[in-house]
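Below is one structure, written out as structure tokens, with a few remarks after it.
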Amino acid sequence: MRAQFVLSEIGVGLRRNLTMTFAVIVSVALSLALFGGSLLMSDQVSQMKGYWYEKVNVSIFLCNKSDAESDPNCAKGAVTTEQKNQIKSDLNKMSVVDDVAYESQDEAYKHYKEQFGDSPLASSLTPDQMQESYRIKLKDPEKYQVIASAFNGRDGVQSVQDQKGILDSLFRLLGYLNWAARGVMAVMLIVALLLIVNTVRVSAFSRRRETGIMRLVGASGFYIQAPFIMEAAVAGIIGGTIACAFLILGQYFVIDNGVSLSTNLPLINFVGWDAVLTKLPLILAASFLMPALAAFFTLRKYLKV
Amino acid sequence: MIRFDNVSKVYPKQTRPALRDVSLEVEKGEFVFLVGSSGSGKSTFLRLVLREERCSQGQVHVLGKDLARLSNWKVPQMRRQLGTVFQDFRLLPNKTVAENVAFAQEVIGKSRGEIRKSVPQVLDLVGLGGKEERMPGELSGGEQQRVAIARAFVNRPRLLIADEPTGNLDPQTSVGIMKLLDRINRTGTTVVMATHDQNIVDQMRKRVIELEKGRLVRDQARGVYGYQH
């Protein structure tokens, strides 16, 4: 196999089919950018769900020392051991409660660190600024009000939060967005595949003279097909590179700088560069494997060997 | 070289067979004319030898191999030992004469050095020395066919298949092409040539195989184009 010969064939093929090649590149770039975006959105959602999201329905946050100074709910000072024991035993008596977990300040600090990592808010925090809490799993998630009315305003209780209720609507929205992105991706992917099939078909047809002669002089099937497959793969990998650029630019301009969601919405911990960078090899691999396979199966039909 | 045992070929969606029960053998070093009117089965015969088609019945042996049992991926290996020449030359118009001949060696992975050595050699043999850098469009029909023969012969095949190589050429040019094919035959290469050219067949006095409606109707050593009635 002579590399130079194959490379020159690829160049000729791509230039001869410039418009189709361009269409393939654009559709591959868009579909794979959406693919990467949808993966990142899933990452974002699971990151926002944090430690307790899947496990509990309601959280009772208890007063700590700093709350005692600033929060009117905690005017009677930080929570005491007796108050905690009282809350715990009351919770255990309630029939709507399925399970109760206690989170100490240290554990709260640890979970917070895990979720928010190196955000500026997290780094200025110390464990004794965290609140102790009871995390409650309900038998029926709708029964939040029972807990809220029983514990809101009690001494030592700072607040009762139906976290899951608040977050669920947001996650539902993100989920819909994600499915929409995947839907568009699927359509773009089909468009990309059809374009590749057609490009390869046209390419094979316009070079049937060469391939016919190659066949007669005994070129192997692989040797005849390689330029076409490589052509599709080269167009695909250009599209994949563009898709990667989209993701990098998106992360840079929407989250880090420019629109700068990370500074404008400091309470949301956005996915970082590590999440973006791990998606890039996946996208590049898909960008040349997919067209190469599509070309291979097209050639089996349209290029007799 | 070539052996047909009771070979029949029916193309899909056709009832009349293109070849019916043809048996023959071509020995190493022979020069064979294949004659017959259009639709007599000449092209089918050649396509079976090149294994562009498989026969419906019987057995085709080429270069000692049973083509029915030759797996698809081994077909290129077999074709490298065959040379093919066609009526329409089948040259690449955007490559020079030398590049057209070199193409046959490039696609089977011959080294650059080998190509540089063998291309001028074979072009000299066909009488095109000095025209290496010309484009096929600048050449006469006879010269183009010589390029095609050079390409077919550059890998030193054991068998040369020619499908009406003089069909597009005037009688005088045709004689030149026939002399060339005869010379190639004398190097030990078996030549099978399908033709309509009566003069050539009558002059050469080689073995003649005649097909009619797919049947072998004549196989004559030192034959002529047709029976004189």
Going by a ≥ b ≥ c, the root eigenvalues of the Cα gyration tensor, does the stretch A:53-144 fall in the rounded group (a/c under 1.5), the prolate group (a/b larger than b/c) or the oblate group?
-> oblate
Output field shielding_mean for A:205-215 (other chain Cβ, 10 Å radius) holds 3
On Cα atoms only, tilt of B:112-125 relative to the major axis of chain B in degrees = 70 degrees
Rounded to two decimals, the Rg over Rh value of the protein assembly as shown from Cα coordinates and the Kirkwood Rh reads 1.32
May I ask you to evaluate 6.51 cos²θ - 1.76 cosθ + 1.60, the Karplus curve with θ = phi - 60°, for each residue of the stretch B:128-133 and list the ³J(HN,Hα) values in order in whole Hz, giving x for glycine and proline?
-> 10, x, x, 10, 4, 8
With the 8 Å Cα cutoff and a minimum separation of six or more residues, chain B has a relative contact order in percent of 28 percent
Cα centroid separation - the stretch B:56-85 against the stretch A:3-31, whole Å | 35 Å
Using a Gaussian network model of chain B with C-alpha springs under 10 Å, which one of B:Arg116, B:Arg47, B:Arg207 is most mobile by mean-square fluctuation?
-> B:Arg116
Shape call for the stretch B:91-167 from the C-alpha gyration tensor, a ≥ b ≥ c root eigenvalues: rounded (a/c under 1.5), prolate (a/b greater than b/c) or oblate?
-> oblate
Quick note on A:Val12, B:Val217, ordering by fewest other C-beta atoms within 10 Å, gives B:Val217, A:Val12
For chain A, modelled as a GNM with alpha-carbon contacts under 10 angstrom, which of A:Ser66, A:Ser159, A:Ser124 fluctuates the most?
-> A:Ser124
Using only atoms on other chains, find how many Cβ atoms lie within 10 Å of each Cβ of peptide B:85-92 and report the average.
-> 2
Pairing the Cα long axis of helix A:221-250 with the longest principal axis of chain A, what angle in degrees results, from 0 to 90 and rounded to the nearest 10?
-> 30 degrees
Neighbour-count ranking [beta-carbon atoms within 10 angstrom, fewest first] of B:Leu159, A:Leu194 = A:Leu194, B:Leu159
Could you give log10 I(q)/I(0) at q = 0.18, 0.19, 0.20, 0.22 Å⁻¹ for the stretch B:1-143, computed by the Debye formula over C-alpha point scatterers of equal weight, without solvent?
-> -1.11, -1.16, -1.20, -1.30
For chain B, modelled as a Gaussian network with Cα springs under 10 Å, which listed residue fluctuates most, B:Ser43, B:Ser174, B:Ser140?
-> B:Ser140
Can you give the direction-averaged projected area of the convex hull of the alpha-carbon atoms in the stretch A:136-285, in nm²?
-> 15.1 nm²
In degrees between 0 and 90, to the nearest 10, how far off the longest principal axis of chain A does helix A:18-49 point, with axes built from Cα atoms?
-> 20 degrees
Under-5 Å amide H pairs with A:Ser159, H placed in peptide plane, nonlocal only = A:Phe61
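Coordinate-derived values only; no laboratory data. Just so we're clear, the structure is a prediction, and the values are computed from it rather than from any experiment. Using ideal geometry, Cβ is built from the backbone for each residue, glycine included, and neighbour counts are taken over all protein chains shown.
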